[in-house]
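Enquirer: I have a structure I would like to understand better, so I am pasting it below and will then ask my questions one at a time.
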Amino acid sequence: MPQPVPKRIKQNNPNAGVKVFNTLLIDGSNILELSSLGDNTMSSSGKNIGGIFQFLLQVKLMMQKGNFRYVYVFWDGDRSGQLRANELPTYKANRDKVFDDAGLSDYMKEVNEKIRRMQDRFFKNKNPEKQQQKQAHKDLFFWQREIVMACLEELFVRQCVCDETEADDFIGYYVTHKKPNERIVIMSNDRDLTQLIANDVAVYVQSLKTFVTPKNHLELMGFDHHNVLLKKMICGDTSDNIKGIKGVGDTTLLNNFPELKKRKVELEEIVEGARRINEERTKEKKKPLKWAENIVERITDGIQGEKIYEINRKIIDLSNPLMTEDAKELIASMMYTPLDPEDRSMRNLYDILMSADMDMFREPSHFANFFSSFDTLINQEKKNL
């Protein structure tokens, strides 16, 4: 039997003796997208069910890696990204996506119209067959998501989706509101989420097949984990069409500011450092470096203009997630709240899988063996009432 914690120690360490528990946060849209691309298994009726199987398999394998008390899957809402597009209209424009908002200024509406024309030119008119393929992929994704979501309900996995909110923001909100005695694993291939890692928060990056932690972030990513946000504020993010400082890429930044590899660095240090670099070059009668000037003068090819650092921080910083009030209320009401076991059962799960022609689960012994990894979670959730 464990010894009681002395009163004096409890006063100085309120969490001493409190049992630690593990929580798994899954970036649902990200994992399902990768699962769909990685498995094209077809059912006997001709349905593409590979994404469904791979998603469930990846969650099952993660469940085997840790004793998780709670499991959440967060999904991108149908208009996810709208709140970031309100700050930066070109956000994700490279993905054939344009956002609208009634509160946008005339200038921003004009920018959106320009983006539409650009996308019509590059995405639609040039290759209508490719557009049809994209639409088919999108339809398949949403059908597979519907099946996966129904399965997760039966497995006592908590799920959140809200119209304008991205999964990353739900995860950021959860991490910043977690309990002190809670250890978190985030499951995603989105390396933006590594800005949330801490001694009790790790990100499992599937493409790396490893957990990214404060201890190995430098080795895996090439710089101190405290600087994930800062690096993206300066260099931008090509995948999300977020422009950075002109002429400053990851290599330039890290080579000229090695302190980014050793400790937490503030933006002001980088700006002042860039200023000093050119002051020294001037003393040596050398031509100033344009990229260093751009850091100081806030020069970018993006529409952020001189507000680039402020806008980029706002749309990248997951410790201050961009969420609607409805989304905040949804996640806050779900965290740690007991789930109602009524109408949840393995029989229901089996029927859902059979309705989707998931024939690999038709044999009852295969079905039971595959989902046995969820037994502990299900039993814990039932006891939580």
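The values are calculated or read from the model by the stated rules, or taken from the named source; none is laboratory data. In this text, all values refer to a predicted model and were calculated from it rather than measured experimentally. With ideal geometry, Cβ positions are generated from the backbone for all residues, glycine too; neighbour counts draw on all protein chains shown. Surface areas here come from the heavy atoms of the whole protein model, side chains and all, with no ligands, DNA or RNA. Shrake-Rupley method; radii C 1.70, N 1.55, O 1.52, S 1.80 Å.
Enquirer: Where does the charge balance sit around Ala368 when Lys and Arg score +1, Asp and Glu -1, over other residues with C-beta under 14 Å from its C-beta?
Expert: Neighbourhood net charge equals 0.
Enquirer: Once the Cβ-Cβ distance between Lys264 and Arg79 is put in as r, and R0 is 35 Å, what FRET efficiency do you end up with, to the nearest 0.05?
Expert: Once the sixth-power term is evaluated, E becomes 0.50.
Enquirer: What angle do you read, to the nearest 10 degrees and between 0 and 90, between the alpha-carbon axis of helix 50-63 and the longest principal axis of the chain?
Expert: So the inclination is approximately 90 degrees.
Enquirer: Right, something else. When the expected Rg is taken as 2.2 N^0.38 Å, what fraction or multiple of it is the alpha-carbon Rg of region 137-221?
Expert: It is 1.24.
Enquirer: Taking the Cα atoms of region 152-285, report the difference between the largest and smallest coordinate on each principal axis, in whole Å and largest first.
Expert: Between the extreme Cα coordinates on each principal axis of region 152-285 lie 71, 32, 27 Å.
Enquirer: Next up: Hey, could you pull the Cα Rg and Dmax for region 38-93, both in Å?
Expert: Cα-based Rg and Dmax for region 38-93 come out at 17.1, 47 Å.
Enquirer: Here is a further query. For the chain, what proportion of DSSP beta bridges, expressed in % and rounded to the nearest 5, is antiparallel?
Expert: 30 percent
Enquirer: Val20 label point, 7 Å along Cα→Cβ, cut-off 17 Å on backbone N: hits in region 185-203?
Expert: Zone members listed by number: 185-186, 197-203.
Enquirer: Loop-only check: which chymotrypsin sites (Phe, Trp or Tyr not before Pro) in region 199-274 are DSSP coil with at most 13 other Cβ within 10 angstrom?
Expert: When the chymotrypsin sites (Phe, Trp or Tyr not before Pro) of region 199-274 are filtered for loop state and at most 13 Cβ neighbours within 10 Å, nothing remains.
Enquirer: With the calculation restricted to Cα positions, what are the radius of gyration and Dmax of region 213-309 in angstrom?
Expert: Just the Cα atoms of region 213-309 yield Rg and Dmax of 13.8, 44 Å.
Enquirer: May I ask for the net charge around Gln304, where only other residues with Cβ less than 14 Å from the Cβ of Gln304 are counted and Lys, Arg are +1 while Asp, Glu are -1?
Expert: +1
Enquirer: Another question, if that's okay. Helix 167-176 against the longest principal axis of the chain: what's the angle in degrees, Cα atoms only, rounded to the nearest 10?
Expert: 90 degrees
Enquirer: Let me have the relative contact order for the chain, percent, based on Cα pairs under 8 Å that are six or more residues apart.
Expert: Result for the chain is 21 percent.
Enquirer: Further, regarding this structure: Net charge near Leu322: determine it from the other residues with C-beta under 10 Å of the C-beta of Leu322, scoring Lys and Arg +1 and Asp and Glu -1.
Expert: -4
Enquirer: I need the peptides 320-330, 64-74 ranked by packing, meaning the mean over residues of other C-beta atoms within 10 angstrom, with the highest value on top.
Expert: Highest-to-lowest ranking by the protection proxy: 64-74, 320-330.
Enquirer: Top to bottom by accessible area (1.4 Å), largest first, where do Thr251, Thr210, Thr194 land?
Expert: The residues order as Thr251, Thr210, Thr194, largest area first.
Enquirer: Can you list residues from other chains, or at least 5 along the same chain, whose modelled amide H is less than 5 Å from the amide H of Gln206?
Expert: So Gln206 has HN proximity to Ser188, Asn189.
Enquirer: Once you treat every alpha carbon in the chain as an equal point and sum by Debye, what is log10 I(q)/I(0) at q = 0.10 Å⁻¹?
Expert: These q points yield log10 I(q)/I(0) values of -0.78.
Enquirer: Using only DSSP helix segments of four residues or longer, with each worth -39500 (n - 2.57), what per-residue ellipticity at 222 nm results for the chain after dividing by its residue count and rounding to 500?
Expert: -14000 deg cm²/dmol
Enquirer: If each of Asp39 and Ser355 carries a label point 7 Å out from its Cα toward its Cβ, how far apart are those two points in nm?
Expert: That separation, rounded to one decimal, is 2.0 nm.
Enquirer: Given a 1.4 Å probe, how much area per residue of the chain is accessible, in Å²?
Expert: So the chain comes to 52 Å² accessible per residue, rounded to a whole number.
Enquirer: Hey, another quick one. Pairs Lys215/Lys262; Lys178/Lys314; Lys130/Lys243; Lys264/Lys307: which exceed 20 Å Cα-Cα?
Expert: Lys178/Lys314; Lys130/Lys243; Lys264/Lys307
Enquirer: Follow-up question, since we're still on this one. Just how much of Val248 is accessible, in Å², when a 1.4 Å probe is used and the result is rounded to the nearest 10?
Expert: Its heavy atoms expose roughly 10 Å² to the probe.
Enquirer: Taking all protein chains as present, what is the carbon and sulfur share of the accessible area of region 174-221, in % to the nearest whole number, probe 1.4 Å?
Expert: Exposed carbon and sulfur together represent 48 percent of the surface.
Enquirer: What FRET efficiency do you get for Asn384 and Glu279 if R0 is 56 Å and r is their Cβ-Cβ distance, rounded to the nearest 0.05?
Expert: 0.35
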